[in-house]
1. Tell me the Kirkwood hydrodynamic radius of segment 115-195 in angstroms, computed as one over the mean inverse distance between distinct C-alpha pairs.
2. At 1.4 Å probe size, what's the solvent-accessible area of residue 198? Round to the nearest 10 Å².
3. Among the lysines, which fall within straight-line cross-link reach of residue 82, defined as a Cα-Cα distance under 27 Å, with same-chain neighbours fewer than 8 residues apart omitted?
4. Given N residues in segment 153-221, what is its alpha carbon radius of gyration divided by 2.2 N^0.38 Å?
Amino acid sequence: MKEKLVGIFLLFSLLSFAKTYNIGDKITLKIDGEVNKSEIEKSLEDYKIDSLSEEKDGSFIVTFTTYKVGENEVVLGDKKLKIDVVSTIEPNEKEIYEALSNPNNRYIDQDYPHMGILTILAGVIAVITSFFIYLVDRAKNPYVIFKKGMSKVTNDNWREKVSLELRRYIDNSYNTNFLGGEYKLVSPLEEEDIEFIKKMDYLKFAPNRDGECSEYKRKALEIVDRLRKEKKNDV
């Protein structure tokens with residue numbers, strides 16, 4: 001009886017494989033006979049089973065796929081069924097990626113040091129930012145402003161320029177109002193410093209405007225250098 005049922009199975013299988021299949025096609029079989037689900041799964045273990053179900057009459061419907069080109073075999077018990085699978089690629093399409101055989105045409109995925117690059121970039125930005133902050137602070141430094149102004153003193157403008165730069169330095173350093181004419185004595189200024197500034201005012205408006213540019217310029221520089229030293233000592 002078993003041989004008869006297996007023979008029926010073969011009949012259905014041969015009818016199903018009476019054509020050529022393309023690679024990736026779904027192949028469906030109806031299997032009759034004394035066979036169980038595990039036997040079918042084992043016989044198709046080299047294929048991709050899409051579905052396997054048992055019908056009310058005891059037969060099985062199985063759908064599977066193969067990607068192996070050429071003559072495939074399905075073995076169930078002592079019987080073999082052959083499946084002819086062909087490729088859908090035409091002969092002239094087989095060398096479609098021939099250019100990739102040239103190493104110059106290949107893209108090599110490299111593990112670039114992204115974190116290293118980001119770290120270097122962050123460091124560069126930090127250096128630039130620090131330098132910019134330094135320039136801004138330097139531009140606001142009272143002594144830098146004083147020196148820059150004194151560098152523009154000439155024999156024609158020294159009577160006004162020396163006094164202006166000295167009073168500006170004092171105001172920027174001690175929060176006073178010497179530029180507004182309020183000569184308030186604050187530490188570490190001395191009475192002699194105030195008298196020097198007042199003398200400069202006299203020279204600006206006196207009819208007799210005699211005096212040596214280098215002498216008054218030197219005196220202003222001495223006052224500022226002394227104030228800076230005493231300020232550092234206080235810190």
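The values are calculated or read from the model by the stated rules, or taken from the named source; none is laboratory data. Everything quoted here is computed from the prediction, not taken from an experiment. Only protein heavy atoms, including side chains, enter the accessible area calculation; ligands, DNA and RNA are left aside. Shrake-Rupley method; radii C 1.70, N 1.55, O 1.52, S 1.80 Å.
1. Numbers: mean 1/r = 0.0649 Å⁻¹.
Evaluated on segment 115-195, it is 15.4 Å.
2. Only protein atoms counted, so the area is about 100 Å².
3. Within the straight-line cut-off, residue 82 pairs with 2, 4, 19, 26, 30, 37, 42, 48, 68, 94.
4. 1.07
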